[in-house]
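Participant: Please find one structure pasted underneath; my questions will follow.
The values are calculated or read from the model by the stated rules, or taken from the named source; none is laboratory data. In this text, all values refer to a predicted model and were calculated from it rather than measured experimentally. When we count neighbours, we look across all protein chains shown, and the Cβ atoms used for this are built from the backbone with ideal geometry, even at glycine.
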Amino acid sequence: MSKPDKIIWANTDWNGAKYNQPNKVKPTAEKTDLGFVEDEIPSRNHFNWLLNNIHLWIDFLDKFVKIGEGSPEGVIVGDVGNIYLNTLGGAGTTLYVKESGAATTNGWVSK
């Protein structure tokens with residue numbers, strides 16, 4: 001399975017012309033704890049905030065977690081602390097951690 005397209009949503013801050021409200025507003029703590037309720041139509045700025053945060057988290061995790069087929073050693077560029085998941089792996093060859101080398105293809109250790 002190939003990786004889906006990168007999600008980018010509400011990446012630019014702006015105020016709408018009609019109501020002069022920002023396009024992204026973090027909901028109150030009560031709202032983020034409860035979530036959207038039955039029959040509620042979320043405001044555009046709360047919904048944009050949510051989708052933008054999903055985009056930011058995926059982008060953040062994408063920098064640290066790599067996925068592929070086979071060993072990453074000598075193939076996948078990474079930094080210390082990166083994780084690689086081998087979709088074709090078995091015992092001892094599914095999870096790799098980058099333990100040495102900055103922005104290099106070497107230093108991956110199977111776990």
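Participant: For region 26-43, which positions are surrounded by 13 or more Cβ atoms within 10 Å (Cβ to Cβ) and either touching a Lys or Arg at 6+ places or on another chain (Cβ under 9 Å) or of a type in the set (Gly, Ala, Ser) (or both)?
Facilitator: SER43
Participant: Just wondering, is there one or more residues in region 1-8 that are free of Cβ contacts under 8 Å to residues at least 40 places away in the same chain, of a type in the set (Val, Ile, Thr) and not in a helix (DSSP H, G or I)?
Facilitator: no
Participant: Among residues belonging to region 1-31 that are in contact with a helix residue (DSSP H, G or I) (Cβ under 9 Å, 6 or more places away or on another chain) and of a type in the set (Val, Ile, Thr), point out the one that is farthest from ILE67 (Cα to Cα).
Facilitator: In this case the residue turns out to be VAL25.
Table: residues versus (1) at pLDDT 95 or above; (2) not charged (D, E, K, R).
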position: ILE8; (1), (2): no, yes
position: ASP39; (1), (2): yes, no
position: SER43; (1), (2): no, yes
position: ASP59; (1), (2): no, no
position: GLY70; (1), (2): yes, yes
position: GLY90; (1), (2): yes, yes
position: TYR96; (1), (2): yes, yes
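Participant: Quick one: in region 59-74, of everything that is of a type in the set (A, V, I, L, M) and exposed (fewer than 14 other Cβ atoms within 10 Å of the Cβ), which residue is nearest to the chain's Cα centre (by Cα)?
Facilitator: Within region 59-74, the subset of a type in the set (A, V, I, L, M) is 61, 65, 67.
Now drop any that are not exposed (fewer than 14 other Cβ atoms within 10 Å of the Cβ), which leaves 61, 65.
On the way: LEU61: 4, VAL65: 9 Å.
The residue in question is LEU61.
Participant: While we're looking at this one, here's another question. Considering only region 76-97, state which residues are touching a residue at least 24 places away in the same chain (Cβ under 8 Å) and over 21 Å from PRO4 (Cα atoms).
Facilitator: Within region 76-97, ASP79, VAL80, TYR96 qualify.
Participant: Can you tell me which residues in region 86-110 are part of a loop (DSSP other than H, G, I, E, B) and of a type in the set (Val, Ile, Thr)? Outline the logic, then answer.
Facilitator: Initially, region 86-110 is screened for residues part of a loop (DSSP other than H, G, I, E, B), giving 87-94, 99-103, 105-107.
Of everything in region 86-110, those that are part of a loop (DSSP other than H, G, I, E, B) and of a type in the set (Val, Ile, Thr) turn out to be THR87, THR93, THR94, THR105.
Participant: Quick one: how many residues across region 75-88 are touching a Leu at 6+ places or on another chain (Cβ under 9 Å) and surrounded by fewer than 17 Cβ atoms within 10 Å (Cβ to Cβ)?
Facilitator: 1
Participant: Looking at region 30-52, can you tell me whether even one residue there is under 22 Å from the mean Cα position of the chain (by Cα) and in a loop (DSSP other than H, G, I, E, B)?
Facilitator: Yes, because at least one residue in region 30-52 is under 22 Å from the mean Cα position of the chain (by Cα) and in a loop (DSSP other than H, G, I, E, B).
Participant: Go through region 15-27 and give me each residue that's more than 23 Å from the chain's Cα centre (by Cα) and part of a loop (DSSP other than H, G, I, E, B). Walk me through it before giving the result.
Facilitator: So the first thing to find is which residues in region 15-27 are more than 23 Å from the chain's Cα centre (by Cα), and the list is 15-22.
Scanning region 15-27 gives GLY16, ALA17, LYS18, TYR19, ASN20, GLN21.
Participant: Does any residue of region 47-55 turn out to be free of Cβ contacts under 8 Å to residues at least 24 places away in the same chain, surrounded by 15 or more Cβ atoms within 10 Å (Cβ to Cβ) and of a type in the set (A, V, I, L, M)? Working first, answer last.
Facilitator: Of region 47-55, the ones free of Cβ contacts under 8 Å to residues at least 24 places away in the same chain are 47, 50, 53.
When the remaining residues are screened for being surrounded by 15 or more Cβ atoms within 10 Å (Cβ to Cβ), the result is 47, 50.
Okay, now just the ones that are also of a type in the set (A, V, I, L, M), so 50.
Yes, that holds for at least one residue.
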